[in-house]
Structure formats: C-alpha cells, structure tokens
Amino acid sequence: MVAEVHPHRPTISFELMPPRRPEVAPRFWETAEQLVAAGPDFVSVTYGAGGGDRATSRDVLARLLRGTPVLPVAHLTCVGASREDVSEVIDEFLEAGVRSFLALRGDPPRDEPDWAPPEDGVRSSVDLVRLLRQVDERRCAADASAALRSAAHPLAVAVATFPDGNPGAGTTREQEVHRLLEKQEAGASFAITQFFYRADSYTGFVDAARAAGVTIPILAGILPTTEARRLRRVEELTGVAAPSGLLRDLDRLTGPDGSVDAEAQHAHGVEYSAALAREVLDAGAPGLHVYTFNKHRPALDLLARTGLTGRAAA
C-alpha cells in the first residue's frame, strides 16, 4: 500500500528499471541511492515483458528490502506466460519478502501480429490481480508464519490506468474507467496513471472514474520533460504524444554552434513538468509517481521545483 509516512504531504514515488548489463549496475545504484535519499513513499521496480530480467528485478527488490527504508513495489507482467509460471514468480517474490506489486498485463510480441495468449495463461491484469491474492491466500493457509507476515504487512496490489485511453490496446477513456473498476473489484489497492501532458487528462479521468464507482487512490504519473529526444522515443513506445509546442520549444534551445543545449532543455522541461504536477496536486491528486528512466537529476529537480523536497539534485 502507499505508505503514510508523511500524512501532511502528497505521496512521492519513483519508477526504476533494473540494469540490463553488469557494467551499468554501478550507475543504476548511484541513481537508486539518490532517489531513496529523497524519502519516497515507495519505489517501483520494472519487470520486462516475458520476464527477461526476472532475476535482476528480484535481486534489485531484495537489495532495496535489505538495505534501504523504502517500500519496494514489484512490477509483474503476465503476457504470454502460463498460470503456473506466473504463480511461481509470485511465490519467488513473496518468499523474498516483497509485499507490494504492480500488476500489469504487459505488451504482446511486436513481431507477431497474430499472437494470442495461451489457453492456460493469465490473460489480463484483472486476472493477475486475482491470482496475486489467491497465491498469497494459499501461502497463508499452508504456513502460519506466512499468515503472520500477511497480517503484519497486508498484500498491496497496484494497477496501471490510462487517463486518455491506451493507444497500445486501442481503448478509450471510458473503457479505461470500466477496466479500472474491474481491477478494483478484483482486489486492486491503488492505481498509477500512465504519464500525461495536460492536467485535464488526469482530472477528467478521475472525475469519470469516481462517477463510475472507483474509490481507490489514483496516483498521477509524471514524466520529466527534459529531453526532446526522450519524449519522441516514449511516443514510439507508448503512443502518448508530447504537445507539439513543448517539442518545438525544447528543439529551439540550442547553443552557439547549433547543438542541443542540454542544460537549457533541462531547465525548461523541469519547469513545464513542475507546473503540470502542481496543477494536478492542487486539483486533489493524492501523490506523484515519477517515471525516472533511471535518471535521478530530472526527477529530483522536478520535485524540488514542485516544492516536495528541500533540494535539487546534485
């Protein structure tokens, strides 16, 4: 669940992606340490489609559990995996001490247009939420110590939601509201939105979700808009397009030789993202979930500019 460490301020959380190669691990842990030092309510750790970085994700979660005060949240995807395989992964994470998960369907293979989930697979994030609850209940029924741990640290299951619809799944806002209601009924504890660039994307979605009966907290996902190149790349990956005016403004920030002025882009992007964050917080968002792309400076500068930390990143 979202920790109530600072009850008088919005919650703060970060997304981290486990290092895919050993040589980048030191830089990853430097970023992780900087983010943990900011005192987030939780840090989510991604888990690649098909479980390609399953062991690395588990190791990162275990190290965060052992060596930091931060609550780690394990991403878990189910696309293309059997129910037995997903249950095994859940068991591994629970055995490692993980009590919080972000349940995701995951992306189907891009190079298989006729792909369909296996008959014995977990077919949706709604099914995955139910399975997480079922595996934990089974463990508690079979082991008194597991039941005690569950009583002391109840299982928390977060879910993703898409305030403007999900381009990858071809859904509308209305369909996403309905899906979120289904996830809540399956046992979701809270939701995290995909990033967005307009405050009314978030506020309009929350209003629609509340009207439909969604009561769980909905955290606002924020992407620091400090690099035009990255914004174009995430559009390719997610289908969520950055405003043309923002991209144009970032592209104009060049040095005397015509090359990108990274510091100017950073300052402009932090201000843009901070204004967006302040607007959704003023509208009642319970917290911010920052998509870091394993870079601590944009994330920490965004929070500092929003007034949620006492310092900017070094």
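Filtered by the rule that a residue be hydrophobic (A, V, I, L, M, F, W, C) and either surrounded by 21 or more Cβ atoms within 10 Å (Cβ to Cβ) or out of contact with any Asp or Glu (no Cβ under 9 Å at 6 or more places or on another chain) (or both), segment 197-206 gives Phe205, Val206.
Scanning segment 129-150 for residues that are open to solvent by 80 Å² or more (accessible area, probe 1.4 Å) and either within 18 Å of the chain's Cα centre (by Cα) or not basic (Lys, Arg) (or both) returns Gln134, Glu137, Ala141, Ala142, Ala144, Leu148. Checked against (1) part of a helix (DSSP H, G or I); (2) within 25 Å of Gly106 (Cβ to Cβ); (3) open to solvent by less than 10 Å² (accessible area, probe 1.4 Å), Leu250 passes all but condition (2).
Restricting attention to segment 151-187, the residues that are surrounded by 14 or more Cβ atoms within 10 Å (Cβ to Cβ), assigned to a helix (DSSP H, G or I) and among the charged types (D, E, K, R) add up to 5.
Of the listed requirements (1) at positive phi; (2) touching a residue at least 24 places away in the same chain (Cβ under 8 Å); (3) not charged (D, E, K, R), Gly170 misses just one: (2).
Being at pLDDT 95 or above, of a type in the set (Lys, Arg), over 21 Å from the mean Cα position of the chain (by Cα) and more than 30 Å from Gln175 (Cβ to Cβ) is the requirement here; does Arg311 meet it?
no
Residues in segment 42-70 that are charged (D, E, K, R), buried (at least 19 other Cβ atoms within 10 Å of the Cβ) and either modelled with pLDDT of 95 or more or not in a loop (DSSP other than H, G, I, E, B) (or both): Arg58 only. Scanning segment 211-239 for residues that are touching a helix residue (DSSP H, G or I) at 6+ places or on another chain (Cβ under 8 Å) and either surrounded by fewer than 21 Cβ atoms within 10 Å (Cβ to Cβ) or in a helix (DSSP H, G or I) (or both) yields a total of 8. Among the residues of segment 169-179, is any over 20 Å from Asp127 (Cα atoms) and of a type in the set (A, V, I, L, M)? So far as segment 169-179 goes, no, none of its residues is over 20 Å from Asp127 (Cα atoms) and of a type in the set (A, V, I, L, M).
The values are calculated or read from the model by the stated rules, or taken from the named source; none is laboratory data. Computed from a predicted model, the values in this text were never measured in an experiment. Cβ atoms come from the backbone with ideal geometry, glycine included; neighbour counts cover every protein chain shown. Accessible surface areas use protein heavy atoms only, side chains included; no ligands, DNA or RNA. Shrake-Rupley method; radii C 1.70, N 1.55, O 1.52, S 1.80 Å.
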